[in-house]
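Everything below concerns the one structure shown next.
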Ligand SMILES: *Cc1c(COP(=O)(O)O)cnc(C)c1O
């Protein structure tokens with residue numbers, strides 16, 4: 001087999017010809033749609049499914065996602081404005097993240113977006129701004145849980161952290177924001193990212209429900225809403241397995257059915273970024289030079305870590321491992337050589353694939369780096385060395 005890579009049913013070369021240049025990010029929204037439908041089918045029907053847009057804030061994708069997801073979770077005023085422009089309903093948006101400035105708090109209150117409060121100080125500033133505006137703020141408390149998501153690629157809780165309010169302080173803060181007249185929306189408990197062990201996620205969700213119930217009892221108030229976080233991972237590397245979402249959904253359905261009475265009228269949500277969009281994206285970059293050095297073959301491309309930092313192993317990973325990579329014009333062809341695929345930046349960090357088995361690629365051939373749909377374009381230092389950002393296109397939106 002010596003076929004060309006198809007993305008969204010179109011040959012990679014045709015997509016590049018239409019876009020006019022490499023490097024290029026291509027996202028296939030049909031993949032997102034299929035994943036979303038699978039998630040919907042697997043999860044309990046009463047669970048709201050939110051998109052955490054920092055995973056991929058490309059506006060055509062956010063527009064398509066706004067029509068699909070039950071809510072959008074943002075982490076800055078820029079994301080909030082973009083989501084609203086893309087058609088997301090502010091009533092179903094939440095805004096998390098430390099260091100929210102007064103202008104961001106004010107804009108969120110004005111738009112009716114729920115603020116996930118990260119600290120007592122932030123809550124106090126929100127309440128003061130609310131009084132000055134004469135408009136009720138929608139406030140949830142982000143809780144720093146006393147547990148962490150096991151095997152998570154990036155742990156966000158269970159230790160000293162900038163994220164959320166330590167659980168012993170939560171009940172008093174809930175009472176305070178209710179006493180001051182804010183619209184208390186409940187809890188946000190996010191404890192990690194990129195977990196591939198369904199049992200770890202099941203355990204985390206059960207612990208999250210138990211913690212929310214305990215805090216509600218302490219506060220003497222039932223939370224209208226509980227955001228259970230996310231953490232659903234995707235397999236990037238050899239031997240990793242896709243997450244068994246049917247198992248997670250069944251366990252969560254059981255846990256919700258058996259939930260403590262204080263959560264009887266609570267609405268529930270999860271917020272996913274990477275799991276929804278990571279697999280829909282391909283980064284296409286052209287071979288500019290092919291060279292040998294001390295017996296090793298290097299394919300030097302017109303792309304690099306300034307677009308795909310994560311594939312270079314410099315975004316949230318301890319040990320560098322290769323993302324799946326192919327020669328787009330010889331997709332499925334047997335490997336003929338071992339080559340190292342590098343970018344065009346003047347740093348040895350700029351490696352897209354280290355000593356990978358590939359069919360032979362020559363100058364002009366296109367390399368495809370998969371798993372580029374999440375934390376790619378927007379999580380890479382595109383100003384570094386002045387090459388500028390890569391164009392992005394959405395197919396099937
Ligand atoms: C980043 C983030 C997410 C999304 O994480 P993924 O690993 O992309 O699913 C969800 N919620 C919060 C609060 C986040 O900070």
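Assorted remarks:
- Semi-axes of the equivalent ellipsoid for the stretch 249-397, Cα gyration tensor, largest first, Å: 38, 17, 15
- Average Cα contact separation per residue, the stretch 57-272, under 8 Å, 6 or more apart, as relative contact order %: 15
- If R0 is taken as 22 Å, the Cβ-Cβ distance between residue 244 and residue 70 corresponds to a FRET efficiency of 0.45.
- Kirkwood hydrodynamic radius (C-alpha pairs) into Stokes-Einstein, the stretch 120-237, 20 °C and 1.002 mPa s, D in µm²/s: 144
- Here the extension length gained between residue 17 and residue 206 equals 63.1 nm, from 0.36 nm per residue of separation less the Cα-Cα distance.
- Nearest 10 degrees, 0 to 90: helix 245-257 Cα axis against the chain principal axis: 0
- Net length available on complete extension from residue 237 to residue 333 is 32.6 nm, with 0.36 nm assigned per residue and the Cα-Cα distance removed.
- Against the chain, whose longest principal axis comes from its Cα atoms, helix 167-179 is set at around 60 degrees.
- Helices in the chain, meaning DSSP H runs of at least 4 residues, each add -39500 (n - 2.57). Divided by all residues, the mean residue ellipticity at 222 nm is -9000 deg cm²/dmol.
- Isotropically averaged projected area of the chain, using the convex hull of Cα atoms (one quarter of hull area), nm²: 19.6
- Kirkwood estimate for the stretch 57-272, i.e. one over the average of 1/r between Cα atoms, Å: 17.7
- Note on the chain: antiparallel DSSP beta bridges, both residues inside, total approximately 40 percent of the bridges counted.
- Averaging 1/r over each pair of different alpha-carbon atoms in the stretch 62-107 and inverting the result gives 10.7 Å, the Kirkwood hydrodynamic radius.
- For the chain, modelled as a GNM whose springs connect Cα atoms under 10 angstrom apart, the maximal fluctuation among 351, 291, 138 occurs at 291.
- Rounded Å value of the spacing that divides the Cα centres of the stretch 60-85 and the stretch 87-158: 16
- Computed over the stretch 47-149, the P(r) tail beyond 23 angstrom holds 26 percent of alpha carbon pairs.
- Angle between the chain longest axis and helix 59-68 axis [Cα atoms, degrees, rounded to 10]: 50
- Using every pair of distinct Cα positions in the stretch 1-59, the Kirkwood expression returns a hydrodynamic radius of 14.2 angstrom.
- Mean separation of Cα contacts under 8 Å, 6 or more apart, over the residue count of the chain: relative contact order %: 21
- Per residue convex hull volume, Cα atoms of the stretch 208-312, in Å³: 161
- Ranking of 150, 54 by count of other Cβ atoms within 10 Å, fewest first: 150, 54
Each reported figure results from applying straightforward, stated rules to the coordinates on display, with no laboratory input. Because the structure is a prediction, the values reported are computed rather than measured. Methodologically, a virtual Cβ is constructed for each residue, glycine included, from the backbone with ideal geometry; neighbour enumeration extends over all protein chains shown.
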